[in-house]
Amino acid sequence: MSFLGLLVRNRLAFAGLVVMLVIVVLALVTPLLPLADPDVTDTANRFKRPFAASVILGTDHLGRDLLSRLLWGVRLSLAVGFASALIAAAIGAAIGIIAGFYGGRTDNVIMRGVDMLMAFPYILLALAIVASLGPGLINALIAVAAVNIPFFARNIRGVTVSIAHTEFVDAARLSGMGDARIILTEILPNVVPVIVIAMSTTVGWMILETAGLSFLGLGSQPPQADLGSMLGEARSALITNPHTSIVPGAMILVIVMSINLLGDGVRDALDPRLRSGALSRPMPSTLVRREEPVPAKETSALLALSGLKTQFHSNGRIHKAVGGVDLYVRPGECVGVVGESGSGKSVTALSVMGLVASPPGVITAGAAHFSGQDLIGANYETLRRLRGDRVAYIFQDPLTALHPLYTVGAQLVEAIRVHHAMPRAKAREHAVELLESVRIPNAEERLDGYPHELSGGMRQRVGIAMALANDPELIIADEPTTSLDVTVQAQILSLLSELQRERGLAIIFITHDFGVVAQLCNRVAVMYAGRIVEEGPTDAILNAPAHPYTARLMACVPELGRGRHRLAAIPGLPPVLDGLPEGCAFAERCHKAKEACRTGEIALTANAVQRAVRCIDPEFRTADAAR
Ligand code: ADP
Ligand code: MG
């Protein structure tokens, strides 16, 4: 959705926008309106009440028309407020970008100067600046801009520092760009949204500050009116003729309120995370809204999912990410879950332990029995005790799964001590053993290193070590090797399969790579559009895939040593999850699709010994398989 669309949907921000537009238009057309001269005094008509005779808002202590003074005053106040915000943003951003980009001594010198400015109380500093420059509106503008520069400089410096070391800036440097060009073309476009957000939230404040200085007689000088000076002049008549204060006071309130509402709206619309509710605190476990508990289908299994449905409810839309998954894993078994990106593998895995973020995630049906206990709808304390202790996760991206600010050791020790009370030293010993068990060289030393000091493969091994910390019975590994190169991937796979054999660990291994499945998994389940379309022993499925989707998926895997042959990409795209078609979700892309594929529910039917497929016209029949 466009920026404006988002802004308009936020009702408060929209109200702010409308009020602000009206005020700005009024301020712009003020010279054209048939108003009395704002500065002409008429002492015979002092303190006229509003709506008396020809004056709409009354007159002030010198008989000047308040409406005219108000509009001219708004014009001035807005101009000064926006000008000082622009100046502060421009200078502050320049300072921040230079400090953040060059870092080191430049950064230190500049930021300490900024700190010094920040050490003075705000308004006192502004007063001191105006006092030394002399009263006057321009000087007030300079003072307000100056005291706000540190705010912008600090904000922008922080953002710049985080951008200055990213790969695209390195790439720009490698392509021979100079510093000035990098700042203008690479850094600036990325900090502009931050500048806009900072401005939109401070303009209101700057208008108030300017009004404050004028109120004290240091800003606009008589007879020139701005909102602050109008308030200041009305002060002596506050009790006897309150309308003289109320008129400019109410106007300041309206302006600042509408700017702030608009500013908040702008910030929310510019930051996609705020929009999708990242700031609303997620619940400790996924929301469950199911009709009734479901009995376990596979009672001998360590973990058995039965008819699990997980949806995302946002903006009135329902995305059926997981639409009824049955999956089980026995102790010591490795089950592969394969499917294209977006087929619901991760959401299935996260649903088991209630780790899908709610909102927007909701589990609407099904059960997940772990050792006979249903985890869907289990209370938080139960889940918390199991998470990381008996059921552990390994995530795809090890860098984001590890906390960047703690040493590897601290994180391992914490993972151990959350579930097992033991002295720190003992936990540390255990951590060394864990790192050794995942083949990290000089484990003792590595314990005191930070995640960024490790290579990708090592980080992933730390992730595995952390998953192993409490000797779990089940590890759910969500594409743990996807971001690694093949040699490291092979090491990690053999490590996992060794652990599976030695410790009798059950593993659910999520991947989109059939090669990995072949190496590691006993059984495999193929997922498409949130459902399992085929399931069975790895060898059987790899040798003779029954579902057309599985067959096409395997045809996409290049084989080494088979010479060149055309890779058969699957045409079309996976269906959208908020409007799944009736019948088979794969029908649109299937070369065998016929009328019957597009109607009714297609069940996952047992096809041969231990095999099941969700297709009415599978690649081979039970009879063929039996042969
Ligand atoms: P994958 O099989 O690649 O792991 P996922 O399970 O992560 O796929 O995602 C399944 C579907 O759920 C995707 O279409 C994704 O867009 C959707 N989805 C995942 N997380 C969220 C979320 N927080 N909000 C809305 N939709 C989501
Ligand atoms: Mg995923």
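Bear in mind that the values in this text are calculations on the coordinates, not laboratory data. Computed from a predicted model, the values in this text were never measured in an experiment. Note that each Cβ is placed from the backbone with ideal geometry, even for glycine, and that neighbours are counted across all protein chains shown.
Points to keep in mind about this one:
- Whole-Å distance, taken between Cα centres, linking the stretch 329-354 and the stretch 104-145: 58
- Within the stretch 215-363, the ratio Rg/Rh, alpha carbon atoms throughout and Rh by Kirkwood, equals 1.42.
- Cα shape, the stretch 304-444, gyration tensor, a/c 1.5 rule: prolate
- Take 313-323, 150-160 and order them by the average number of nearby Cβ atoms within 10 Å per residue, most first; the result is 150-160, 313-323.
- Packing-based exposure ordering (other Cβ within 10 Å, fewest first) of Lys309, Lys592: Lys592, Lys309
- Other-chain or far-sequence residues with amide H under 5 Å of Ile532's (modelled H): Asp326
- Relative packing of 506-513, 120-127, 252-259, which averages over residues the other C-beta atoms within 10 Å, highest first: 506-513, 252-259, 120-127
- Here the Kirkwood formula, the inverse mean of 1/r across different C-alpha pairs, assigns the stretch 449-600 a hydrodynamic radius of 17.8 Å.
- Ranked packing of 84-96, 362-374, 292-304, most packed first, by mean Cβ within 10 Å: 84-96, 362-374, 292-304
- Using C-alpha pairs below 8 Å separated by at least 6 residues, the relative contact order for the stretch 70-177 is 42 percent.
- Helix-derived mean residue ellipticity, 222 nm - over the chain, DSSP H n ≥ 4, -39500 (n - 2.57), to 500: -15500 deg cm²/dmol
- Spin-label proximity, Val486 to the stretch 523-560 - amide N less than 17 Å from point 7 Å beyond Cα toward beta carbon: 556-560
- Per residue, the convex hull spanned by the Cα atoms of the stretch 123-219 amounts to 99 cubic angstrom.
- Shape call, the stretch 164-303: gyration tensor on alpha carbons, a/c limit 1.5: oblate
- With neighbours defined as other Cβ atoms within 10 Å of a residue's Cβ, the residues Leu238, Leu174, Leu218 order from fewest to most as Leu174, Leu238, Leu218.
- Computed over the chain, the range of Cα coordinates on each principal axis works out to 113, 61, 53 Å, biggest value leading.
- Close lysine pairs were tallied over the chain: pairs 8 or more places apart or on different chains with Cα atoms under 20 Å apart number 4.
- Helix 456-468 and the longest principal axis of the C-alpha atoms of the chain enclose an angle of approximately 70°.
- With Cα atoms defining each centre, the stretch 470-536 and the stretch 382-439 are spaced 20 Å apart in the structure.
- Euclidean distance of C-alpha centroids, the stretch 163-182 and the stretch 34-51, integer Å: 61
- Acute angle (nearest 10 degrees) that the helix 188-215 long axis makes with the longest principal axis of the chain, alpha-carbon atoms: 30
- Mean Cα-pair separation over length for the chain, i.e. relative contact order, pairs under 8 Å, 6 or more apart, %: 11
- Note on the stretch 402-462: Cα-Cα pairs beyond 14 Å make up 50% of the total pair count.
- Shape of the stretch 70-129, Cα gyration tensor, a/c cut at 1.5: oblate
- Cα long-axis angle, helix 486-503 against the chain (0 to 90 degrees, to the nearest 10): 60
- Cα-centre dipole for the stretch 456-566 with unit charges at Cβ (Lys and Arg positive, Asp and Glu negative), debye to 20: 380
- Using only the C-alpha atoms, the convex hull of the stretch 34-100 corresponds to 98 Å³ per residue.
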